[in-house]
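The values are calculated or read from the model by the stated rules, or taken from the named source; none is laboratory data. Being a predicted model, the structure only gives us computed values, none of them experimental. FYI the Cβ positions are ideal-geometry reconstructions off the backbone, even for glycines, and counts take in every protein chain you see. Note: accessible area is taken over every heavy atom of the protein model, side chains too, but ligands, DNA and RNA are not part of it. Shrake-Rupley method; radii C 1.70, N 1.55, O 1.52, S 1.80 Å.
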Amino acid sequence: MAVVYRKFSVKTFDEWDMRGKLEAIASVDSALVSKDPNFSAGFNADLNQVLYEIVWAVVRGHITKWDAKPIFTHAMALHPDMCSQVVEVLAMVELETTTHETFARMRENLIGLMQALGLERMYRERLELETLSDVGIVKNKKLFHTKQIKVRTKMFYKQQKFNLLREECEGYAKLITELNQSLQPNITPQTMITVIRSLIGCFNLDPNRVLDLILEAMECRPIEHNFYTSLLKLFPCQSATLTELFRFRMSACTTLAMQKPVFTSMALLVQAGVLSLDEIYAWLTPEDSKMLEDSRQAEESAQEYARKANVISTKDKDKDKKEEKEEVKEREPFHDNKPNSNLKIPFCVALLEIGDWQHYEEIASRYPDYYLASFPTISNALARLCHVSIDPCYRSVYMLPSRAGGRPIPPLHNPYALPTCHTADDVAHILMPIVCSFGPHIARHPSLMVKLLRVARVVLAKAEESGSGKEHDVFYYEFLSALDEALLPGLSVLSCNPCIAEEIWETIKFYPYEYRFKLYGKWKNETMSAHPVLVRIRTDLLKKAKYVMMRVTKETIKPISRSIAKLTHNCPATILDYVVKQIQLYDNLISPVVDSLKYLTSLSFDVLAFCIVETLTTNKERLINAGMAVSPWLNSLSTFCGAVYKKYPIELCGVLQFIANQLKAERSVDLLILQEILQKMGGTDTSEGLTSEQIEAMSGGEVLRREAGTYQQERNTKRSSQRLKEVLLQNNLAIPLLLLIAQQRSCIVYNQTESPHLKLVGKLYDQCQETLAQFGAYLFQVISLEEVSERLPSIGSLLSECHINSDVAFFLARPTVSAKILARFDELRRSNRSDDRKQLYIDASTEVLTPLAEEIRPHFPSKLWEEMHPSFFVTFWTLNLSDLEVPTGSYKREVARFNDNITQLQKVPKDEPAALATKRKKELERIMSLRDKLLEEENRQQEHVDRVIGRLTQEKERWFTQRVACLPKNDTVTAFLQLCLFPRCTFTTLDALYCARFVKMMHELKTPNFSTLIFCDRMFCDITYTVASCTEQEAHRYGQFLHGTLQMVMHWHSSSDNYERECAKFPGFVTRFRVSKMESNDYVDYENYRHVVHKWHFKITKALVTCLESGDYIQIRNAILVLQSILTCFPAIVNLANVIDKRIEKVKKDEKNNRNDLYVLANSYSGRLRAKKSKLLQEKDFHQVRKPDEKRPPQQGGEPATNGVDPKGSEEDKKVDHNSSTNDSSKLDNNTNDQNDADSRRKDAKRNKTDADDDDVKEVGPDSDESTNDSDSLRKSKRQKTDGSGKNNDDPHARVKQPQDDSPNKRKKERKRERSVDEAVDGDPKRQRGDRRSNGRPIEQVDAEVVELDRDDKKRSSRRRKET
């Protein structure tokens, strides 16, 4: 080794004669003088370093031996112990030069120095034989070595026979008597060692034999081990002597029974510190490497066994079984009555039996985890130690009667033994490490597992009741380690013990699901693959599981359920994970497997919940066909989740939290699982798949919805729905999950913009929408509205902080608002005995809705409130379909069904058993009770609807801004459509019907400043973009809304009586707005209305044909879905039906074998349309058409007519009305007209406005350009139906041409009326002021008769304003 000079330097030795020698002497003197004069030189580190460096200077040749000799002579003269110290330094340097080949050639200098110093006597004591020979002290090395062996043999091993005569037997007899006497208090180790010394001296006894007799006495009386260990501490002997004696005694033992006392004595002496563990462990066999090799071979054998299980073998089965038996035989541990060459195992057992856990842990750390515990004897000793330690704590929490074996276990009488546990902290600090050391081998001791689980259950239950912080509870987390390392793996080793599984569940259930699932995950994925015994068990269980799952059918549920339960009792994670994987592959297994799980333990059900969540967290593809469809495995797993969660009490929080986390990550595909859970457990289904009768019933009360609005009965989901509710509330997941779905619904379109398939985006959006509606309906059904209002943020917070759209915000707040109104109404009714309940309801509504209206005002543009009042906005969004109408038909159907059931049940069969009679009577009472509840509910809802209508009647006056001297703006209708109608009509099916009903209600209430004509015209004239922008489900809902609106329109169209009764004098059909009283000719007559309806049908046809011809998947699909929804009302005209049928046939031809879903949709609609064609009307029956021989008046100035017809009047132009059916078809077939022609026609219409007003007859409806004002159709149809006296012809089919009055006044009034109709349909004239001028003046100034107020009216209005 390289030497670094610290006391000196190389320069010191180079200048040795000049100053180096003096410096060395001074260093020696200072090292000696600086210390205590009584010091021992051997402990002077500074002096050792000085001498060491001088010796190495001689070895390296920096100085000669003669230069160094004076220094050593001087040092030896200063202190008597220096000679020994110098020899020690020389021996150390000699050892270094011998062990390193680099310094071997320098050894001669060292030998020369030794010879020069001449310390031969000490050299003989300290130096090795080789060195002594080199120095010259030993002349013949071989002869000296032989002599040395003889002397040592004679000294240590040769028996001196003369001592047998010298030793007296009486001394040994007295010694044995003294060692084995009854130990009285006055007999102590100190007195005993005095007696032993006396005996040795008196009788000349051999000390080694005396020591052997002491050990034998200790082996015979182990209970007195404290006395003997103290005695041996006082006995003057070396630990090596004791070790040799134990080794000699062990060699004389021929059985395990004889070995046990020896090992016990050894363990006691090691525990007491008399012997060193390393000295004893060194001669214990076998070597550690041999035991480690055995452990490695066991692991490899287990892995090979698992590998062979998945390989199809062609060997003889009997031969395989024979090999397996031989392999098992090789693994059997040694027999307890036979001696074994492995001495480390019984020594470890002895350590554990005396309670020496520390030394056993030190030995166990040399081997793999749980290796020593795999030996049965060690496992039993560990269990006995744990029983002794836990017994006091166990007795304090769980006491058994004595006759049931509840006897206390006595503690170990050993001051060095493991202490007993009296508190939970003692168990955590003392017992838990021992339990963890068992590993899976704790399965050999179920009683110990039960004791530990019962103690833990009591401790955890008290901690949960007291609410103490778990972060400071050591037991809380130490027991988790015990579960992870010992209890759960031990359960896997047990053979079908459901009792232990239930005991584990009763304890582990106090932990949150996060901790439990983490335990299950490590148990299944790591522990079961880490230990040989568990690997074999897992392989065998999988074999049995495969065998069982291949035989699962509906007919074998009972035996299969027992087999699955037996497999899962002790190792549920492995089996249930395999079951879940099979369900993902074969969806026909879902129903029988769910029924087969009825015998599972509670722990198995909890593990099943973990397996489901773990499967969902895998990185499996959730979408297939390039993202066009959901993967079958996710569909199967969702169905399984809904069924199994409903039927069994399984942990729900895990899967719900997983869905919430997915929504936070902006992934919504897993909402499919939530839909299934809500449907199966909550009994809440989406309203998309319901029939028309069910949808009608959903607008009724709770009883009607439950009985006629869903497919499943409430009693089948009552318990599961309650469980789902408790999980949502206890874990605070209800409202956050709802808000996350709403936020995901809002952002999914933007986040999925780069998706290659727009169809996928629509599906994900529809899924979010359906789940939101379904989840919201469930929450409002099972959770009290007071609790919802406490948890739900306010409307303002939802709109601003939660970033939720108004449709979702009001969907969430609507039930609470209604509940607040009813609660306030009840308070007012109780406090006020007034009979005017409608007024009380209005007051209650005002109190609740006024603050709400003010709250939402800042969240919308201020311009909006110039068009409509906030109260209208709030009213529209807070009402439901059940607030506007009573589903009388549904109530009648259900009452009739109940009456039929009652009639059947009242028929008593002959010889009816008593049990059936009782059952029939109970069923009869239940049905009669339901019938009474239905009738009562119908009456209550009718009263509620009457109160709501009364409130709306009073509120309608301030809904829309009253404008003087101008017509209602299109902006008002646009705002209503954009912010109210469109968002809600596509939200749910019920909302779509509500929107249609609300519009009808506004018309029936004669809402001021609201034009039904403008609304319908804006609604029907161009639906292309609306249809194209819908998702699949939105298209369904939008079609439902159009269907409801078209039903209203066609109801008025069907009969003049209906029109006159419901529309004729209503504000919604005003074509000329006056401040004073309206005149009779300010309203649209019936025939003009029929013309407008014809135009609307034409516009709808054109829009849908545009979508069908686009070639875009979304547009074609949505157009067909809308057509299916409105089929009962549209098309109603033969020629329009032919146009649509032609496009549908083209779609079928193009999409067959290309996009099959479009082909199926088109084919379905085509069949339904053709079945309806026989009931369609001809155009002449739909509205009055001009006679073929009626000529068009000439245009002035030679300019072309506004409709683009040749002014010369070509032959085709004369046949326009006669061939209107053909004209409409050709018009729609060529709906891609050149835009330039349309622009020129619009300019011509503007230039010839005045000339056009002089025309008496113009073309009707579809022949006019689509881009012109929609009032053209209305104006033309009015002229065709207006007779010479200015009155409307009530006959819808009258075709006789009326004489025309050409008087200037009459024609002037006619033009004014037409212009007012034009403005009523087109909207605000200010938007078109640049196109509608007369002699440079605005149209408002030209229509002086309309704009100018009556002077008396002015005066009266001015007087009222001043008074106000």
Only unsatisfied item for ARG667, checking (1) modelled with pLDDT under 90; (2) within 22 Å of LEU576 (Cα to Cα); (3) of a type in the set (D, E, K, R), is (2)
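For every residue, the table says whether it meets (1) in contact with an Asp or Glu (Cβ under 7 Å, 6 or more places away or on another chain); (2) farther than 20 Å from GLY1044 by Cβ; (3) open to solvent by less than 60 Å² (accessible area, probe 1.4 Å).
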{"site": "TYR1113", "(1), (2), (3)": "no, yes, yes"}
{"site": "ILE1116", "(1), (2), (3)": "no, yes, yes"}
{"site": "ASN1135", "(1), (2), (3)": "yes, yes, yes"}
{"site": "ILE1144", "(1), (2), (3)": "no, yes, yes"}
{"site": "ASP1150", "(1), (2), (3)": "no, yes, no"}
When restricted to THR73, THR131, THR98, the only residue assigned to a helix (DSSP H, G or I), within 19 Å of TYR52 (Cβ to Cβ) and open to solvent by 80 Å² or more (accessible area, probe 1.4 Å) is THR98
Does segment 587-628 hold any residues that are free of Cβ contacts under 8 Å to residues at least 40 places away in the same chain, under 26 Å from LEU764 (Cα atoms) and not in a helix (DSSP H, G or I), and which are they? THR618, ASN619, LYS620, GLU621, ILE624, ASN625
Does at least one position in segment 1028-1043 carry a residue that is touching a His at 6+ places or on another chain (Cβ under 9 Å), more than 22 Å from LEU849 (Cα to Cα), open to solvent by less than 10 Å² (accessible area, probe 1.4 Å) and not in a loop (DSSP other than H, G, I, E, B)? no
Look at segment 870-929 and say how many of its residues are of a type in the set (Val, Ile, Thr) and either under 24 Å from PHE982 (Cα atoms) or not in a helix (DSSP H, G or I) (or both). 5
Scanning segment 1152-1169 residue by residue, those open to solvent by 10 Å² or more (accessible area, probe 1.4 Å) and not acidic (Asp, Glu) turn out to be LYS1152, ASN1153, ASN1154, ARG1155, ASN1156, TYR1159, VAL1160, LEU1161, ASN1163, SER1164, GLY1167, ARG1168
Would you mind telling me which numbered condition in (1) touching a Pro at 6+ places or on another chain (Cβ under 9 Å); (2) not in a helix (DSSP H, G or I) HIS803 fails? (1)
Could you please find all residues in segment 525-552 being farther than 15 Å from ILE583 by Cα, surrounded by 19 or more Cβ atoms within 10 Å (Cβ to Cβ) and without any contact (Cβ under 8 Å) to a residue 60 or more places away in the chain? MET528, ILE537, LEU541
Being surrounded by 18 or more Cβ atoms within 10 Å (Cβ to Cβ), in contact (Cβ under 8 Å) with a residue 60 or more places away in the chain, closer than 20 Å to LEU652 by Cα and aliphatic (A, V, I, L, M) narrows ILE504, ILE500 down to just ILE504
What number of residues within segment 536-558 satisfy the criterion of being out of contact with any helix residue (DSSP H, G or I) (no Cβ under 7 Å at 6 or more places or on another chain) and within 12 Å of VAL593 (Cα to Cα)? 4
Positions within segment 1118-1133 being surrounded by fewer than 17 Cβ atoms within 10 Å (Cβ to Cβ) and small (Gly, Ala, Ser), in sequence order: none
What number of residues within segment 1003-1055 are farther than 21 Å from GLN1124 by Cα and without any contact (Cβ under 8 Å) to a residue 24 or more places away in the chain? 2
Do you know which residues across segment 846-897 are more than 40 Å from the chain's Cα centre (by Cα), of a type in the set (Gly, Ala, Ser) and either more than 27 Å from ARG940 (Cβ to Cβ) or surrounded by fewer than 17 Cβ atoms within 10 Å (Cβ to Cβ) (or both)? SER862, GLY889, ALA896
Kindly list, by first and then second residue, each pair from a residue in segment 784-803 that is farther than 19 Å from LEU733 by Cβ to a residue that is loosely packed, with under 13 Cβ neighbours inside 10 Å, limited to pairs with Cβ atoms under 8 Å and residues at least 6 apart or on different chains. GLY796/PRO858
Output for segment 842-869, where each listed residue is in a loop (DSSP other than H, G, I, E, B) and under 15 Å from GLU957 (Cα atoms): HIS869
Return a yes/no flag: does segment 962-970 have any residue that is of a type outside the set (A, V, I, L, M, F, W, C), open to solvent by 50 Å² or more (accessible area, probe 1.4 Å) and in contact with a Pro (Cβ under 7 Å, 6 or more places away or on another chain). yes
Any idea which of THR188, THR177 is loosely packed, with under 11 Cβ neighbours inside 10 Å, of a type in the set (Val, Ile, Thr) and modelled with pLDDT of 80 or more? THR177
Quick check on my filter: what residues within segment 233-274 are open to solvent by less than 10 Å² (accessible area, probe 1.4 Å) and either in a loop (DSSP other than H, G, I, E, B) or aromatic (Phe, Trp, Tyr) (or both)? PHE246, PHE263
List every residue pair whose Cβ atoms lie under 6 Å apart, where the two residues are 6 or more positions apart in sequence or sit on different chains, the first residue falls within segment 355-366 and is touching a residue at least 40 places away in the same chain (Cβ under 8 Å), and the second residue, located anywhere, is polar (S, T, N, Q). GLY355/ASN414; ASP356/GLN271
Cβ-Cβ below 7 Å, separation at least six or inter-chain, first residue in segment 1138-1159 and in a loop (DSSP other than H, G, I, E, B), second open to solvent by 30 Å² or more (accessible area, probe 1.4 Å): which pairs? LYS1152/TYR1159; ARG1155/TYR1113
